[in-house]
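Peer 1: Could you have a look at this structure, given as structure tokens, before my questions?
The values are calculated or read from the model by the stated rules, or taken from the named source; none is laboratory data. Here the structure is a predicted model, which is why all the values come from computation and not from measurement. Positions of Cβ are generated from backbone atoms using ideal geometry, with glycine treated the same way; all protein chains shown enter the neighbour counts.
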Amino acid sequence: MTRATLLVAGVLVAATLILAACGQQAPSEKAQAGEDTPGVVRIGQQVVTLDDFREGVRIVETNLEYMKGEISKGSFDSSFLQEFVQLIERTGIQTVALGSLIQDRALYERAVANGFSATDQEVTTRLERDRELFRDPPIGAETTAYQATAYIKAAGEDRYWSELYPAMLRREMAIHNMWTATMADFADQGSRESAWAGVERRAIHSVSIDVLNADAIAPATVPNALAYLEKHRQLPQ
């Protein structure tokens, strides 16, 4: 996937095990106990809980901090990152988080409906690989792994590895399977970008989005979140 696609849902920070937990807020007491927190938005058949939303906000905050660091270091893609940072700051972190959640859940629902779900064995294999990465992080990622440990412990280690992380993996892997299948029909990068943007739009338009608790996600609103996603697609790839 492209840099913009990866960044929009927080995947730059959250896709791998070590970075998935880093920077997230400690779960609420209900989440630590394995209880569901109140739903704030329903996207298709999936309910986003208050904890989901808070974690989405924290992922955006963490990505923002990471991107600013890369810009200050003169990263090779600093120009792209600068535009993305400006878009996030103009939009607002809560709105970006809501947009990212909408896109993630809509894409997952479309992927499942079209037969791109990962098998239990595929999820298990990836889970075991990522867990090993956490135990023995690659050179340069030790500090991040240490930071991730706090979140995993707060969530409950057994629950994190048996419930929270596998659920994220299922979404990520199904969406990636759909992305791979979509890209197989296109040779050049421009066509690929256009095709995937079309998939994103169709996925979002095909699901209902119902706000269950407007105060909990304020100041974010669904119209503003959707407008952000469209602006994000227009960033130079």
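Peer 1: Name the residue that is surrounded by the most Cβ atoms within 10 Å (Cβ to Cβ), counting only residues in segment 184-225 that are in contact (Cβ under 8 Å) with a residue 60 or more places away in the chain, hydrophobic (A, V, I, L, M, F, W, C) and in a loop (DSSP other than H, G, I, E, B).
Peer 2: Checked segment 184-225; the qualifying residue surrounded by the most Cβ atoms within 10 Å (Cβ to Cβ) is A220.
Peer 1: Please determine whether any residue of segment 161-183 is farther than 22 Å from L101 by Cα, at pLDDT 90 or above, buried (at least 17 other Cβ atoms within 10 Å of the Cβ) and of a type in the set (K, R).
Peer 2: no
Each row is one residue, and each column tells you yes or no for (1) among the basic types (K, R); (2) modelled with pLDDT of 95 or more; (3) buried (at least 20 other Cβ atoms within 10 Å of the Cβ).
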residue	(1), (2), (3)
E61	no, no, no
L64	no, no, no
E70	no, no, no
S75	no, no, no
V85	no, no, no
G92	no, yes, no
I102	no, yes, yes
Y108	no, yes, yes
